[in-house]
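Student: Can you read through this structure? Questions will come right after.
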Amino acid sequence: MRVRATTAAVTAALAITLVGCSSGGEPEKVQVTVTQTAGSGNTTPTGEPTTENDAKAAGVARMQAVQKFNDPGDDEYDPTAGTVTVLSYQQPVRASVTAAEEIGTKGYVWAALEVKVCSTKGEFVTSSQPWTLAYDDGARVEPSSSTYDDFPKPEYVEDADVSPGDCSRGKIVYPVPGDKWPAKAIYATDSSPALRWSLAK
C-alpha cells in the first residue's frame, strides 16, 4: 500500500462581488460566495496549515506542532486520516562513514530529522521519502539512500504498517551542506498538499 495523506482545511468563506449591467444600463451587483469546508485548524488560502506562533511564514508550523491529514481514498485505497509532526532536528550527527565520503562532496555532514506519524482512521504504510529539507535559496535535500548501524536511534522504519491508534516515530538521516541550515522540513505525498515545519534556530 502506498503512503497517502491530505491536509485538513478549515471552513472558510470568500465573498466576491461581480458588477454587471442590467437591461436598463444600470450596474447591478451579484454576490457570489465560495465555501471551503473540512476539519479543524488554521489554513492559508491554499489549504496549508498555519500556526499562531508563525505569523511571518503562513503555512509553516512551529517544530513539534501536530498537523492533521485526511485522505478520502478512491476506488483502490480506503480512506485514511491521522497526524504528523516534526519532533527535532540535529546537525551535525556522527557516523562511521561521513556524509562527505558517502556522497563524494566536501563539506557535507549528516543531519537527523525526528518525525512521528499516527493513524486515526484506516491503515497505511510509512516511508521516509515524503520528507525533505528545504533551504531559503530553494535547494531541497532528500533522505539518505544509505543507512549505517551507528546512525541516530531510533531510526524511522520504512514500510511500517500503521493502524488506527498506532504511531511510527524515528529519525531520518540526510546528507546536508555543513555550512547551511535548512529553513523547513516538508512532508508531501502524491495525494496531499505539503505540510511544513520551521527549522529555524
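The values are calculated or read from the model by the stated rules, or taken from the named source; none is laboratory data. These numbers were taken from a predicted model, which means no experiment stands behind them. With ideal geometry, Cβ positions are generated from the backbone for all residues, glycine too; neighbour counts draw on all protein chains shown. Ligands, DNA and RNA are stripped out before the accessible areas are found, and what is left, the full protein with its side chains, is counted by its heavy atoms. Shrake-Rupley method; radii C 1.70, N 1.55, O 1.52, S 1.80 Å.
Student: Would the stretch 94-101 turn up any residue that is touching a helix residue (DSSP H, G or I) at 6+ places or on another chain (Cβ under 9 Å) and either over 18 Å from residue 67 (Cβ atoms) or outside any strand (DSSP E or B) (or both)?
Tutor: yes
Student: Moving on. In this structure, does residue 115 turn out to be open to solvent by less than 20 Å² (accessible area, probe 1.4 Å) and of a type in the set (Val, Ile, Thr)?
Tutor: yes
Student: Which members of the stretch 76-112 meet the condition of being more than 25 Å from residue 194 (Cβ to Cβ), out of contact with any strand residue (DSSP E or B) (no Cβ under 8 Å at 6 or more places or on another chain) and open to solvent by 70 Å² or more (accessible area, probe 1.4 Å)?
Tutor: Listed by number, the residues that qualify are 96, 101, 106.
Student: Test residue 132 against the stated conditions and say whether it is open to solvent by less than 70 Å² (accessible area, probe 1.4 Å), closer than 24 Å to residue 81 by Cβ and either assigned to a loop (DSSP other than H, G, I, E, B) or not small (Gly, Ala, Ser) (or both).
Tutor: Criteria met by residue 132.
Student: Could you tell me whether residue 142 is out of contact with any Lys or Arg (no Cβ under 9 Å at 6 or more places or on another chain), modelled with pLDDT of 95 or more and open to solvent by 20 Å² or more (accessible area, probe 1.4 Å)?
Tutor: yes
Student: Here's something else I'd like to know. Can you confirm whether residue 57 is farther than 23 Å from residue 162 by Cα, surrounded by 15 or more Cβ atoms within 10 Å (Cβ to Cβ) and at pLDDT 90 or above?
Tutor: So residue 57 does not fit the description; no.
Student: Now a separate question. Which count do you get for residues in the stretch 161-201 that are part of a loop (DSSP other than H, G, I, E, B), at pLDDT 95 or above, open to solvent by less than 60 Å² (accessible area, probe 1.4 Å) and closer than 30 Å to residue 78 by Cβ?
Tutor: Summing the residues that are part of a loop (DSSP other than H, G, I, E, B), at pLDDT 95 or above, open to solvent by less than 60 Å² (accessible area, probe 1.4 Å) and closer than 30 Å to residue 78 by Cβ in the stretch 161-201 gives 1.
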